[in-house]
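Data block below; observations after.
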Amino acid sequence: VLHTIAEELDRPIHLPDVQTTRYEIARVGAAPQSAGHDTAGHDADPVAPPAARQALLASWHWLLDDGSLQDGEPFLAGTAKKPRLHLSAATAAELGAVEGGLVTVSSDRGSLTLPLVVADLPDRVVWVPTRTPDAAVRRDLAVSPGAVVRLSLAGGAA
């Protein structure tokens with residue numbers, strides 16, 4: 001897309017495809033690593049999966065979250081989804097958690113507790129909304145998506 005826009009603006013960047021772009025990025029020494037491969041295309045060391053009672057944090061913003069554009073709009077804000085935590089059935093079973101039960105996600109900096117929804121997710125991945133009035137990843141956990149977080153039943157039950 002950027003290549004096409006640059007051509008239309010008569011400012012060519014000469015990156016017509018992904019392979020050429022990757023070559024140029026690697027040439028200047030800032031190549032991102034793709035899953036399973038290092039910058040030279042060799043197999044990279046695999047990432048260790050999270051341990052028991054841990055998960056990789058996944059998150060994104062909902063259309064209606066805790067955004068300032070809803071200030072003074074209680075009826076619009078009232079239509080927003082209630083925050084929920086999502087786990088795979090296997091990860092929920094590993095915790096002893098049940099649908100609708102409270103599960104706590106914690107980091108070294110904080111925690112948040114939300115009702116569980118069993119969802120079609122990879123095992124040991126937890127999804128929470130990025131920001132709602134009741135829970136906010138950056139405020140409550142002080143981490144970003146992709147971080148390894150701890151999971152427990154609310155109240156510390158095992």
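The values are calculated or read from the model by the stated rules, or taken from the named source; none is laboratory data. Values in this document were obtained by computation on a predicted structure and should not be read as measured data. Using ideal geometry, Cβ is built from the backbone for each residue, glycine included, and neighbour counts are taken over all protein chains shown. The protein model used for the area step is the full one, side chains on, heavy atoms only, and it has no ligands, DNA or RNA in it. Shrake-Rupley method; radii C 1.70, N 1.55, O 1.52, S 1.80 Å.
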| Looking at the range 133-149, is at least one residue assigned to a strand (DSSP E or B) and at pLDDT 90 or above? | yes
| query | Can you name the residue in the range 12-23 that is within 30 Å of the chain's Cα centre (by Cα) and open to solvent by 60 Å² or more (accessible area, probe 1.4 Å) and is also farthest from VAL1 (Cα to Cα) among such residues? | reply | TYR23
| remark: Within the range 146-158, the residues that are within 11 Å of LEU57 (Cβ to Cβ) and open to solvent by less than 60 Å² (accessible area, probe 1.4 Å) are GLY146, ALA147, VAL149, LEU151
| task | Mind listing just one residue for me: the one in the range 106-141 that is open to solvent by less than 40 Å² (accessible area, probe 1.4 Å), without any contact (Cβ under 8 Å) to a residue 60 or more places away in the chain and among the hydrophobic types (A, V, I, L, M, F, W, C) and, of those, farthest from ALA89 (Cα to Cα)? | result | ALA135
